[in-house]
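The values are calculated or read from the model by the stated rules, or taken from the named source; none is laboratory data. Everything quoted here is computed from the prediction, not taken from an experiment. Quick reminder, even Gly has a Cβ in these numbers, built from the backbone with ideal geometry, and neighbours come from all protein chains shown.
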Amino acid sequence: MGKIVVVDDDPAILELVSLLLARRGYQVLTATDSQTALSLVASERPELVLMDYMLPDSNGLTTLRTLRDQFPDSYVIMFSGQGSEEIVVELMKAGAAEYLLKPFNNRTLVERVDGVLRLREIEQANRALQIERERLLLEIEAWNRELQERVREKTEALQRAQTEITQTEKLAALGYLSAGMAHEIRNPLNSISLFTQLLKQGAQDEEQQEYLDKVMKEVDRIDGIIRRLVDAAGRSRTVQPAVQVLEVIQTALEIFKPQIESHHIMVSLECNQPLPTLKADPAELEQIFTNLFQNALQEMTHGGQLAIAITTADNQIVVRVRDTGKGIPAELQEKVFEPFFTTKNRGTGIGLPVVRRIARLYHGDVTIEETSANGTIFRVCFPALTGA
Ligand SMILES: Nc1ncnc2c1ncn2[C@@H]1O[C@H](COP(=O)(O)OP(=O)(O)OP(=O)(O)O)[C@@H](O)[C@H]1O
Ligand SMILES: [Mg+2]
């Protein structure tokens, strides 16, 4: 049963009430003034306080307010000899749970005390539920936020995957078309080339010679585009067991020697550690670097630096190709890997998609590591131990 503090300056009432409540099983403590009552409540934290409205050291209303304010878990039943309606209203407003008019009979007292304690129990349980409900609501809210975040992440991942699928499909379609087209176009192109050479032999006029040279150049250009299309689609492969990446890179650089000299480009090739070899098709690897070098050199028409650095890390071979060109604007950084995306007048937009396709074929990847107005670093990586 509960603990009850009874406060009354009349010792007879204190005794009677104590007796009644103790008989009912309650633990009863008593006080005869409000000061003692307050310190008793503070130390004992009773479930209930029974208090007379008229106390020697203070007005019962003031003590009631203090009690309700400082010890809201202790409910209060007030009793008094004067039963004016205003007082009752005042007491209930101040937080009394019940009001008993003296003289009260024993049964009424016990009934009211039992009633208030039951009410207290229900209200406290209710409050605990309320707190639990708020806690759960907060938890649900947090879950909701987390869920939304997860959905957002998944959607983004899905969109990225979708974009990649589209790119791969474009490349596949390209392969299918280009194989057929290359054959169809190369024959007439060959004829054009032959006839132009014949015409050139017979041409006296310098202007005509010049025009025919231009025709030949354009024919070469078409042939170059076709070659790139066929390359992009991937040719038949000859995988070798131990390819040296450094050698592949040196061969690729060799191709650009004339361009490097005429554009006054300083080239550096750094490779400090001994490198693991790759199981790969050297021609495919070479394509990666010729495309990257070509892009870099196209960016630097009047001098610049082409720096190539090969390192190993976490079982990966990492090659960085840095140029001192104009850089790639932020909004184009993913676009440049899309097939046919180009910003060049005479570009086809095949270079980087091919680089990416081949790098991924070897379970590696190519990314833009850094780019600014001072230049760009492309980073290519391959897992060192596997091949395609
Ligand atoms: N090193 C670089 N610096 C600045 N921009 C670059 C660099 N490399 C590529 N880009 C940008 O990415 C675009 C796509 O490159 P990609 O090699 O795929 O095609 P392209 O060079 O335009 O044409 P292609 O290589 O087929 O002749 C380029 O048009 C250019 O805008
Ligand atoms: Mg290119």
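Here are a few things to note about the model shown:
- Of all the listed residues (Ala330, Ala359, Ala280, Ala296), the sole one being more than 30 Å from the chain's Cα centre (by Cα) and more than 11 Å from ligand 1 (Cβ to nearest atom) is Ala280.
- Answer residue from segment 264-286, given it is in a strand (DSSP E or B) and among the charged types (D, E, K, R) and is farthest from Val336 (Cα to Cα) among those: Lys279
- The lone criterion from (1) polar (S, T, N, Q); (2) surrounded by 12 or more Cβ atoms within 10 Å (Cβ to Cβ); (3) modelled with pLDDT under 90 left unmet by Ser74 is number (3).
- Flag for Gln130 being within 30 Å of Arg23 (Cα to Cα), exposed (fewer than 12 other Cβ atoms within 10 Å of the Cβ) and either at pLDDT 95 or above or not assigned by TED's automatic domain parsing to the domain that holds Leu16 (or both): no
- Subset tally (residues that are more than 12 Å from ligand 1 (Cβ to nearest atom) and either among the hydrophobic types (A, V, I, L, M, F, W, C) or in contact with a helix residue (DSSP H, G or I) (Cβ under 8 Å, 6 or more places away or on another chain) (or both)) for segment 363-388: 7
- Matching option when the condition is among the hydrophobic types (A, V, I, L, M, F, W, C), farther than 20 Å from Arg237 by Cβ, within 16 Å of ligand 2 (Cβ to nearest atom) and assigned to a helix (DSSP H, G or I), among Phe289, Phe378, Phe293, Phe340: Phe293
- Test for Val230: is it more than 14 Å from ligand 1 (Cβ to nearest atom), surrounded by 18 or more Cβ atoms within 10 Å (Cβ to Cβ) and of a type outside the set (D, E, K, R): no
- Residues being touching a residue at least 12 places away in the same chain (Cβ under 8 Å) and hydroxyl-bearing (Ser, Thr, Tyr) - total across segment 37-59: 2
- Residue in segment 339-349 that is near ligand 1 (Cβ under 9 Å from one of its atoms) and within 30 Å of the chain's Cα centre (by Cα) present: yes
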